[in-house]
1. Could you please put Y39, Y93 in sequence from largest to smallest accessible area, using a 1.4 Å probe?
2. Taking every eigenvalue of the Cα gyration tensor of the range 6-134, multiplying by 5 and rooting it, what semi-axes result, largest first, whole Å?
3. Take the alpha carbon atoms of the range 59-139, find their radius of gyration, then divide it by 2.2 N^0.38 Å using N residues; give the quotient.
4. I'd like the accessible area for T13, computed on protein heavy atoms only with a 1.4 Å probe and all protein chains in place. Round to 10 Å², please.
5. Net charge within 9 Å of A115 by Cβ-Cβ distance, Lys/Arg positive one each and Asp/Glu negative one each, not counting A115 itself?
6. Do the sum for the chain: with -39,500 (n - 2.57) for every DSSP H run of n ≥ 4, divided by all residues, what is the mean residue ellipticity at 222 nm, to the nearest 500 deg cm²/dmol?
7. On a 1.4 Å probe surface of the protein chains, which of Y128, Y83 comes out largest in accessible area, and what is the full order?
8. Express the relative contact order of the chain as a whole percentage, based on alpha carbon pairs under 8 Å and six or more residues apart in sequence.
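The values are calculated or read from the model by the stated rules, or taken from the named source; none is laboratory data. Just so it is clear, the structure is predicted and the values come from calculations on it, not from any experiment. Cβ coordinates were reconstructed from backbone atoms using ideal geometry, including for glycine residues, and neighbour counts include every protein chain displayed. Each accessible area value is taken on the protein alone, full model and side chains, heavy atoms only, with ligands, DNA and RNA left out. Shrake-Rupley method; radii C 1.70, N 1.55, O 1.52, S 1.80 Å.
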Amino acid sequence: MKIKNCKWIKPQTVEDGKDGNLVIIENMKDIPFNIKRVYSIHSLIDSTAVRGCHSHRYLEQVMFCLNGSFKLELNDGFNKEFYLMNISCNGIYIGSNVWRVMTEFKNNCLIMVLASNEYDESDYIRNYNKFLKSINYDE
Ligand code: T46
């Protein structure tokens, strides 16, 4: 992955044959921060929905797609990559100062996000030009 402050997170999986699989996520082991908040995103009935479109000043998060799929765009101001997220993907760690956009939610998409801090609107940068300024992007 070329995006700064981001990496794939591969939790332990136990394959139990006809009884299904177990995916195990341990705080501070699989997740590189102390989890302070967990939230989910679901019931995306409009296929044209767009979520995200912001960066965080300090917040770190790990995102898992637990059902269906969606397209995740990550952008550190210099590189931009797209990932098709679904149940067979690993989780994705997104550190600070990464612009993210989520689109193309399909098949009853269910997303789980683990976050390093409580919700704080002042940690969000919701304007793309302000995001570029915040990372000292200078074209
Ligand atoms: C992120 C992506 C992946 C709260 O009150 N508490 C919360 O913990 C969250 C996450 C949201 N909210 C409120 C704030 C807004 O009024 O819920 C509303 C929708 O939040 P937002 O527009 O930020 O939703 P997304 O899906 O664009 O972004 C969320 C997270 O906010 C963000 O940190 O990285 O999911």
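1. Values: Y39 70, Y93 30 Å².
Ranked list, largest accessible area first: Y39, Y93.
2. Details: eigenvalues 125, 66, 33 Å².
For the range 6-134, the semi-axes come out at 25, 18, 13 Å.
3. Numbers: Rg = 13.5 Å, N = 81, 2.2 N^0.38 = 11.7 Å.
Normalised Cα radius of gyration, the range 59-139: 1.16.
4. Taking all protein chains as shown, T13 has close to 70 Å².
5. Neighbourhood net charge equals 0.
6. Working: 1 runs with 7 residues, N = 139.
Taking each H run of at least 4 residues, the total per residue is -1500 deg cm²/dmol.
7. On the way: Y128 85, Y83 25 Å².
From most exposed to least exposed: Y128, Y83.
8. Details: 313 pairs, mean separation 46.2, N = 139.
Answer for the chain is 33 percent.
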